[in-house]
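Worksheet: one structure, shown below.
The values are calculated or read from the model by the stated rules, or taken from the named source; none is laboratory data. Keep in mind it's a predicted model, so treat the numbers as computed, not measured. A quick note on method: Cβ atoms are made from the backbone with ideal geometry, for glycine too, and the neighbour counts reach across all protein chains shown. Accessible surface areas use protein heavy atoms only, side chains included; no ligands, DNA or RNA. Shrake-Rupley method; radii C 1.70, N 1.55, O 1.52, S 1.80 Å.
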Amino acid sequence: MATNEVRRATMRPESSVYTRPVGVSSKTVCAYWIAGRCTKKFCRFLHTSAPSTLANPHISNLKAIQKGNAYNATQKSNVVQKSPEKVCKFWVVGNCVEGDRCPYLHTWFHGAGFSVLAKLQGHKKAVTGIALPETSDKLYSAGTDGTVRVWDCRTGQCGSVINLGGEAGSLVSEGPWLFVGVPNVVKAWNIRTNAEFNLNGPVGQVHAMVVANEMLFAGAQDGVILVWKGCSESNPFQLAGTLKGHTQAVVCLTVGRSRLYSGSVDQTIRVWDLDSLQCIVTLNAHSDVVMSLICWDQFLLSCSLDCTIKVWVATGGGNLEVTYTHNEEHGVLALSGMPDAEAKPVLFCSCNDTSVRLYELPSFTDRGRLFGKREVRALQIGPRGLFFTGDATGLLSVWKWLDPALKELSS
């Protein structure tokens, strides 16, 4: 009977493609092992996904460094970059809960070379005028709350409040005299003798005043500029004339080079001869209300709600032409200027947000920004590096240029 021999497979140690001999030196991964088809017992390539880092302290240290760098980068990304263009409205009223995470400034200014000395709160509405009469230790401010406040320059305290009976549209001083424009009248006080006079004649609010050639000029709501001249002690002010030409309210006045310049809601600038009190020329370059005018050296600077500042210069024929236009993102409310502590000319430009831009002239190089609680409507230059701002909430701020030596120490 035939028999079939059954042969069993020889038992031998199982050789796995995943079991590798020790001492493999190659750092290349086997392509056949990746595909699952390598049958070599002693393949010279790696049968693993990547070289081990446990035996290489340099690689381990590198990964630790990379991890640390990634953590630091994450921490840096969590630090919020502050916007230099806007102060936090919640910080202003003392209730910002964001702290360092807040993207807005928690300070009243941005820039170097100046500092805030005091914040004087008293007016209930917008500050429209600031005056620091010569030889006086009192600071005067007027507002649309119908008051003039008298501040002690040494203590910063309000010593007295004068009720005007109407909203103040403007405030200027000349010598011992203080002039306040209110609807239909200009009130005049002599701060030495306490004498008081009412100068009648304006129609509507008096938005702007300036003193030159022993004359007081006042621009009114109806577009007329009234002129008073000094007279006798019993009646020191006499109406000398009315300058007519603007078709809407006169909102700014300035004097320079024997000329009076007036800006109006009618978008024009008129130039008047101070001797004849006649209009010489009308300038048409702005497309909105001309809000402020200043004379600086041989230049006239004007600003408007059309978001521009224009620099005018006299031509050979005596006319004025725009030589440069500076653009802002917001309407421009007021201009003023003074030299800094190093005698460099700096222009103050109050915009229709909450900021006052500072520019070094003539290049318009950015020097920083000041901030109010709301838009700053009043700018005033003082002696010994002092300057003042008044905003729409009634906040009056006192600022000062830093001495260059102190500036170097602080930096």
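Those strands (runs of 3 or more DSSP E) of region 115-220 in which 1 or more residues are among the acidic types (D, E) and open to solvent by 50 Å² or more (accessible area, probe 1.4 Å) occupy 170-174, 196-200.
So that you can scan it fast, the table gives a plain yes or no per residue for (1) part of a strand (DSSP E or B); (2) without any contact (Cβ under 8 Å) to a residue 24 or more places away in the chain; (3) within 19 Å of H110 (Cα to Cα):
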| site | (1), (2), (3) |
| --- | --- |
| L335 | yes, no, yes |
| A343 | no, yes, no |
| D353 | no, no, yes |
| R357 | yes, no, yes |
| T389 | yes, no, yes |
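Reported count of residues in region 237-254, each being of a type outside the set (K, R) and without any contact (Cβ under 8 Å) to a residue 40 or more places away in the chain, is 8.
One residue is enough: does region 253-263 have a residue meeting the conditions of a type in the set (S, T, Y), touching a strand residue (DSSP E or B) at 6+ places or on another chain (Cβ under 9 Å), open to solvent by 30 Å² or more (accessible area, probe 1.4 Å) and on the phi > 0 side of the Ramachandran plot? Among the residues of region 253-263, at least one is of a type in the set (S, T, Y), touching a strand residue (DSSP E or B) at 6+ places or on another chain (Cβ under 9 Å), open to solvent by 30 Å² or more (accessible area, probe 1.4 Å) and on the phi > 0 side of the Ramachandran plot, which makes the answer yes. The residues listed here are V255, V206, V227, V271; of these, the one that is closer than 20 Å to A168 by Cβ and not basic (K, R) is V206. Listed by first and then second residue, the pairs with beta-carbon distance under 8 Å, at least 6 apart or on different chains, first residue in region 398-411 and assigned to a loop (DSSP other than H, G, I, E, B), second open to solvent by 70 Å² or more (accessible area, probe 1.4 Å) and at pLDDT below 50, are L402/S410.
I need every pair where a residue in region 284-296 that is open to solvent by less than 30 Å² (accessible area, probe 1.4 Å) has its Cβ under 6 Å from the Cβ of a residue that is among the charged types (D, E, K, R) and part of a loop (DSSP other than H, G, I, E, B), sequence separation at least 6 or different chains. From residues that are open to solvent by less than 30 Å² (accessible area, probe 1.4 Å), the pairs are H286/D306. Contact annotation: residue pairs with Cβ atoms under 8 Å, 6 or more positions apart or on different chains, pairing a residue in region 187-199 that is under 17 Å from T147 (Cβ atoms) with a partner that is surrounded by fewer than 19 Cβ atoms within 10 Å (Cβ to Cβ) and among the basic types (K, R), are I191/K138. Scanning region 102-114 for residues that are farther than 16 Å from V92 by Cα and part of a loop (DSSP other than H, G, I, E, B), we see that the one that is least open to solvent (accessible area, probe 1.4 Å) is G113. Of the residues making up region 354-401, those that are of a type in the set (D, E, K, R) and either farther than 21 Å from S170 by Cα or surrounded by fewer than 19 Cβ atoms within 10 Å (Cβ to Cβ) (or both) number 8.
Per the conditions (1) open to solvent by less than 70 Å² (accessible area, probe 1.4 Å); (2) closer than 22 Å to S336 by Cα, the sole criterion not satisfied by V227 is (2). Within region 307-327, if we keep just the residues that are free of Cβ contacts under 8 Å to residues at least 24 places away in the same chain, open to solvent by 50 Å² or more (accessible area, probe 1.4 Å) and outside any strand (DSSP E or B), the residue that is nearest to G263 (Cα to Cα) turns out to be G318.
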